[in-house]
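Written out below as structure tokens is the structure these notes cover.
The values are calculated or read from the model by the stated rules, or taken from the named source; none is laboratory data. No experiment lies behind these values; they were computed from the predicted model shown. All Cβ positions, even for glycine, are placed from backbone atoms using ideal geometry, and neighbour counts span all protein chains on display.
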Amino acid sequence: MTQKVNTLLTNAIVLTMDGKMNQYDPGAVAVKDDVIVAIGPEAEIIKEYMADETIDCGNKVLMPGIVNAHTHVPMTLLRGLEDDLRLDVWLMGYMLPVEREFVTPEFVRLGTQLACAEQIRSGVTTFNDMYFFEDDIAQATADAGMRAVCGQSIMKYPAPDAASFEVSLAYAREFIKKWKGHPLIIPAIAPHAPYSTTPEILRACADIAKEFDVPLHIHISETAFEVETMREEQGMPVVPYVKKQGVLEAKVIAAHCVHVDIGEIKTLQHVNAGVAHNPSSNLKLASGFAPIQKMLDNGLNVGIGTDGPASNNDLDMFEEVRLASFVAKASSNDPTAVPAATALLMATRMGAQALHMGDITGSLEVGKRADLILVDTSPVHNSPRFRRNPNGAYAQLVFAAKSTDVTDVMVNGKWLMRAHELLTLNEADLLRQAREVAQKIDAFLIEREQSVLSKLIALGGSMEQESFEVQVKVKVTEPDQLVQKMKHPEIEINAHKHYHQYDEYHMFAEPTQGRLRFREDNLINEKGEVQNVRSRLTLLGQQREGEIGRDVLLSRSRFLAPAVHTSRFYREYFKPTQVIPIEKDRLRWHISYKETEFFVNLDHMKQPDIPYETARHAAFPRDQEPHLEPQRRRPESGVGQRVAESARRWRCGSCDAGLHRDFDSIDFNHKGHKGTRRKSLTFVILRDPSWLIFSRQNGFNQKILRDCLCCALRADGCARADLLQL
Ligand SMILES: [Zn+2]
């Protein structure tokens, strides 16, 4: 009595990766439609089954297709775009801006096709994805014949496929409805990470995942920084935080979990979450070593993933499986940790379980889908073969085999590769299209990298346009006297604040780029404690638009924005040629004086701890900043030019220290005022070791400007001059 099947695979070293880790040599597998109907010793199977096609496997290894438990497949098109950076600079500085510009349905389809070609070649039959336009990814994957969990990304930022998270949630809902029940695609929802979402988004994603009974794919505890921030802000590590938002009530696939403690491991195991371990990505981004052996000891399902090909930089699961074993051994100082059989199990049956699809794929068992591969273990790099210990077969695959040893791949009963030839994709055509996309991205980045301003804009976020400041500076020898003067009846104090300020000036080789200032303002309360911290980023114009003597400055800032990243992030992203730190204590008053509003700042320099003039020379050495001195004497054009020219004609009547008479002729609307949203006029009066700064916002008052210029100039030449002319 023989039964009819479609395909009979004979003369193979069959590694089933089933619950008993059965091996058959020589073994055979019978496939009917999309299902494995028989598996066992060859003699038994060929007696029972007749096939349309019988394939002699030539003593190759026949094993389940490999499961790539975490990736972002369209990022094949961003492979090698920018490397050797920290995760935040890499992601926020390069990946997200390029994605915002380039990622379209066509982009993700091409990237997915490339990834499918690469993965089929290396024996992957199932992958777990997270990206944008996931509907197009699912379509390209299904067309290529691969199996995948396709997770639609949700983030709190605008994404290439959605202006807001509400739009992505609506998209995800439709996407899931459309693909639910497809033979190859399992739709999923993918809130990117706790740090890139909000509690509201996490809860909404968990609700959708539960409503449709689909997996929820998320990055968890990838870096120590992420966990530290979560502890600081929420008072708990990441796993309890996502649990609090209901995330663990869904079928979770948690990528990374590098920095999780034993309590978190137990929590994840308790809710049957799957973990996707990504050793290459963790090594390359120096994220740390995930406690894989501990996870396995506690019964967690741990799969292995490549992560996106922009952070790996390939989709080679053979390399990943080997690293999973090696890294576990090295990081635990234990050569028995994660042995070959376990590593291979993580890349097959356990990986499928981690993706909540262990019932359909991951091992060669009767009733499971026919997802299988043939691996040639006869090449010279993998010979000879020992048969005494069954673990030898796993060691051969994990420690010596290469992805290029994969010769044939079947998914869902259909061949996708025979004898190294791809049957569902045109590789040459895909490579040509990928080259064209790379050229466009190169051109975009070359243009962006030429300007600090465009790099700043590329980071996104809210920004204000240009502002102007006129500052009058004077040295104050008796700060207490000034504080007393602020109580003068003609001065009305609208607000008074005390700050501790940490500035970092980023200087660039090309002076026309301007200077970028990262400022952290610590608001100090009456008890002397830090009450509030805010950070801002300001792109200042060239050194000075104009400067009169050493006391009156006109400067321009081209952009200001809240600084949402660390100062380290900006240093690494903007790559300044020099960074100058300045620390000062600032008393700030917002006053009304003669019907005009000003800011008055009394600054005490903490660092550099030397008189200001000396500090300026120390901090801005002439040989390194050659543009500073000529700029001071000969401003280029526009407002600065005219301020400086006018200043040369002024003379203070009382002390002969400076010149002020022609000031009214200055035209402040001369340059750059079109489109200006904010005008500010700041007077900085500078004296060692403290400064006094006046500023006025929202319009210029030339009478006040003249008064202040006059008083500053008098102060410059006359020690007896009353600074405020009250
Ligand atoms: Zn990832």
Discussion item. Just to be sure I understand the filter: pairs with C-beta atoms under 6 Å, separated by 6 or more residues or on different chains, first member in the stretch 62-73 and of a type in the set (Gly, Ala, Ser), second member more than 16 Å from the ligand (Cβ to nearest atom). Which pairs pass?
Written reply: 65/125; 65/371; 65/372; 65/373
Fill in: Single condition residue 301 does not satisfy, out of (1) surrounded by fewer than 20 Cβ atoms within 10 Å (Cβ to Cβ); (2) in contact (Cβ under 8 Å) with a residue 24 or more places away in the chain
(1)
Item to complete: For the stretch 170-185, state whether one or more residues are surrounded by fewer than 24 Cβ atoms within 10 Å (Cβ to Cβ), away from the ligand (no atom under 16 Å from the Cβ) and in contact (Cβ under 8 Å) with a residue 60 or more places away in the chain.
Response: yes
Discussion item. Tell me the residue from 232, 226 that is within 16 Å of the ligand (Cβ to nearest atom), assigned to a helix (DSSP H, G or I) and modelled with pLDDT under 95, please.
Written reply: 226
Practice prompt. Scan the stretch 243-264 residue by residue and report those that are more than 16 Å from residue 287 (Cβ to Cβ) and within 16 Å of the ligand (Cβ to nearest atom).
Written response: 252, 253
Fill in: Hey, residue 401 hydrophobic (A, V, I, L, M, F, W, C) and in contact with a Phe, Trp or Tyr (Cβ under 7 Å, 6 or more places away or on another chain) or not
yes
Worksheet item: Which members of the stretch 46-72 meet the condition of being within 16 Å of the ligand (Cβ to nearest atom) and either within 28 Å of residue 392 (Cβ to Cβ) or surrounded by fewer than 16 Cβ atoms within 10 Å (Cβ to Cβ) (or both)?
Response: 67, 68, 69
Worksheet entry | Pairs, first more than 24 Å from residue 318 (Cα to Cα) and outside the structural domain of residue 309 (by TED's automatic domain parsing) in the stretch 257-279, second modelled with pLDDT of 95 or more and within 16 Å of the ligand (Cβ to nearest atom), C-beta under 7 Å, six or more apart | none
Practice prompt. Just one of (1) more than 12 Å from residue 398 (Cβ to Cβ); (2) of a type in the set (Val, Ile, Thr); (3) buried (at least 24 other Cβ atoms within 10 Å of the Cβ) trips up residue 327, so point out which.
Written response: (3)
Fill in: Test result for residue 439, modelled with pLDDT of 95 or more and either touching a Cys at 6+ places or on another chain (Cβ under 6 Å) or closer than 30 Å to residue 196 by Cα (or both)
yes
Item to complete: Please tell me if residue 299 is assigned to a loop (DSSP other than H, G, I, E, B), of a type outside the set (Asp, Glu) and over 16 Å from residue 219 (Cβ atoms).
Response: yes
Practice prompt. Mind counting the residues in the stretch 432-446 that are within 12 Å of residue 79 (Cα to Cα) and of a type in the set (Lys, Arg)?
Written response: 1
Fill in: Unique residue being surrounded by fewer than 24 Cβ atoms within 10 Å (Cβ to Cβ) and either under 30 Å from residue 55 (Cα atoms) or within 16 Å of the ligand (Cβ to nearest atom) (or both) when the list is 358, 362
358
Response to the item:
With the first residue restricted to the stretch 50-61 and required to be within 17 Å of residue 3 (Cβ to Cβ), and the second required to be at pLDDT below 95, Cβ contacts under 6 Å at 6 or more apart or on different chains are 50/2
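For the stretch 21-51, how many residues meet the condition of being in a helix (DSSP H, G or I), touching a strand residue (DSSP E or B) at 6+ places or on another chain (Cβ under 7 Å) and not charged (D, E, K, R)? Before you say what the answer is, go through the steps one by one.
Taking the stretch 21-51 and keeping what is in a helix (DSSP H, G or I), we get 42-48.
Pick out the ones that are also touching a strand residue (DSSP E or B) at 6+ places or on another chain (Cβ under 7 Å) and you get 42, 45-46, 48.
Adding the requirement that they be not charged (D, E, K, R) leaves 45-46.
Total satisfying the criteria: 2.
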Worksheet entry | Residue count, the stretch 265-287 (criterion: more than 15 Å from the ligand (Cβ to nearest atom) and either assigned to a loop (DSSP other than H, G, I, E, B) or surrounded by fewer than 20 Cβ atoms within 10 Å (Cβ to Cβ) (or both)) | 8
Worksheet item: Restricting attention to the stretch 498-518, which residues are within 14 Å of residue 455 (Cβ to Cβ) and among the aliphatic types (A, V, I, L, M)?
Response: 516
Discussion item. Can you report the number of residues in the stretch 288-314 which are under 24 Å from residue 356 (Cβ atoms) and either outside the structural domain of residue 340 (by TED's automatic domain parsing) or away from the ligand (no atom under 14 Å from the Cβ) (or both)?
Written reply: 12
